[in-house]
1. Return yes or no: is Pro17 of a type outside the set (Gly, Ala, Ser), surrounded by 13 or more Cβ atoms within 10 Å (Cβ to Cβ) and in contact with an Asp or Glu (Cβ under 8 Å, 6 or more places away or on another chain)?
2. Which of the helices (runs of 4 or more DSSP H) contained wholly in segment 32-122 include at least 2 residues that are among the hydroxyl-bearing types (Ser, Thr, Tyr), closer than 22 Å to Pro17 by Cα and in contact with a Cys (Cβ under 8 Å, 6 or more places away or on another chain)?
3. If a residue must be part of a loop (DSSP other than H, G, I, E, B) and out of contact with any helix residue (DSSP H, G or I) (no Cβ under 6 Å at 6 or more places or on another chain), how many such residues does segment 9-28 contain?
4. Go through the residues of segment 17-32 one by one and say whether even a single one is closer than 24 Å to Ala117 by Cβ and modelled with pLDDT of 95 or more.
5. Quick one: how many residues across segment 23-45 are among the hydroxyl-bearing types (Ser, Thr, Tyr), free of Cβ contacts under 8 Å to residues at least 24 places away in the same chain and surrounded by 13 or more Cβ atoms within 10 Å (Cβ to Cβ)?
6. Residues being among the small types (Gly, Ala, Ser) and either in contact with a Gly (Cβ under 9 Å, 6 or more places away or on another chain) or in contact (Cβ under 8 Å) with a residue 12 or more places away in the chain (or both): count how many of those fall in segment 52-73.
Amino acid sequence: MLALSSLAIALPAAFAPETFYTDFPFYTALVKLLPPYNEHLITDIGGLYLGFGLMFIWAMIKPSKELVVPLCWGWIAAQALHFAFHVSHLTGFTTTEAVGQQIGLALYIAVALVPIAMLRRG
């Protein structure tokens, strides 16, 4: 799931940054509510998420505690900062958009905690 989430962000951001800016997520244009457009920043973010996506795919193919745990903690660190930014930047969002966005961003963190918890038990 985290690989797909990463790639869903990575591919449009890295290879179609203006479309990512005007239509993400899923043609709702929420990114556009945080102007200004910056192609360099968006393609860099695409590269970051592409890297995470590839690492998550690697972790699925060759799972090991030594890979999965630090990968998930790295993801959690990045997503916690992302979540914190968006909590304090909701101007222009409808209540539904704001709540939906925050739930989605919180899920990115929660899903990464699952493999960490599972590997702690095992």
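The values are calculated or read from the model by the stated rules, or taken from the named source; none is laboratory data. Quick caveat, the model's predicted, so the values are computed rather than measured. So basically every Cβ, Gly included, is an ideal-geometry build from the backbone, and we count neighbours across all protein chains shown.
1. Spelling it out, Pro17 is indeed of a type outside the set (Gly, Ala, Ser), surrounded by 13 or more Cβ atoms within 10 Å (Cβ to Cβ) and in contact with an Asp or Glu (Cβ under 8 Å, 6 or more places away or on another chain).
2. It comes to none.
3. Number satisfying all stated conditions: 5.
4. Taking every residue of segment 17-32 in turn, none turns out to be closer than 24 Å to Ala117 by Cβ and modelled with pLDDT of 95 or more.
5. So the count comes out to 1.
6. 2
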